[in-house]
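Accompanying notes for the structure given below.
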Amino acid sequence: MNTAIIIPFFGEKQMQLLVKTVLFLFLSTVLALLFSYWLGPWFMGWKQSQTSLVQVHALKAFKTGQQYELENNYSQAAHWYQKAARQGLAQAQIKLAHLYRDGQGISQNFAQAAQWLTKAALQGSVDAQRKLADMYYTGKGVIQNLPQAAQWYHKAAVQGQVDAQFKLGIMYREGKGIPQDLAQAAKWFKQAA
């Protein structure tokens, strides 16, 4: 077959180069797919081991902070809790928030306490959700926001946090931040009992 008739703009050398390029691209794609199939699980395992290594370091820092806290060395406890908190450990974020709230080993700062509680609460920590709700209820460290307090109390209450259930019942009974609803108030008081 005469290729000059089918593709009149390509000479014999250009046609060979085109065929080689297409073949190279095809083989490169096949090799990339094969490598990702074979090496993908190894690579994912490596990434997971990296993640667990970070978690191990965070837990170690947290435990070091706990030890310093037991010794009443709050400045060192704050230092180690902060290391663990920055790595995303919710327990450390809560402990650091307590130190900021109480001004132990670190300058008292309610806004910082609220920021660390928010990080832990967003990870699903029931304790942090209830404490953050308290801050929104009282306006300590944050601008008082009763609807926001009710939302955080509700998140903790549905997970069984008794104080949050009771406080949510009060908010429903008094209509603070949420519409007054005596049936909902009774429901939450009953669950808290």
| query | Which value in nm describes the separation of the simple spin-label points at Lys13 and Glu71, placed 7 Å from the Cα toward the beta carbon? | reply | 7.9 nm
| request: Take peptides 151-164, 19-32 and line them up by average Cβ neighbours within 10 Å, highest first, as a rough protection proxy. | output: 151-164, 19-32
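Please compute the per residue accessible area over the range 135-176 with all protein chains in place, 1.4 Å probe, rounded to a whole number of Å². Mind showing how you got there, number by number?
On the way: 2160 Å² over 42 residues.
For the range 135-176, the solvent-accessible area averages 52 Å² per residue.
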| request: Sort the following peptides by mean Cβ neighbour count (other Cβ atoms within 10 Å, averaged over residues), highest first: 126-136, 83-93, 57-67. | output: 126-136, 83-93, 57-67
| Where does the range 64-148 land on the Kirkwood hydrodynamic radius, alpha-carbon pairs, in angstrom? | 12.5 Å
| remark: The percentage of the accessible area of the range 79-143 (probe 1.4 Å, all protein chains present) made up of carbon and sulfur atoms, to the nearest whole number, is 49 percent
| Just from the alpha-carbon atoms, what are the Rg and Dmax of the range 49-193 in angstroms? | 16.8, 51
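The values are calculated or read from the model by the stated rules, or taken from the named source; none is laboratory data. These numbers come from a predicted model, not from an experiment. Note: ideal-geometry Cβ built from the backbone for every residue, glycine included; neighbour counts use all protein chains shown. Keep in mind that these areas ignore ligands, DNA and RNA; they rest on the heavy atoms of the full protein, side chains included. Shrake-Rupley method; radii C 1.70, N 1.55, O 1.52, S 1.80 Å.
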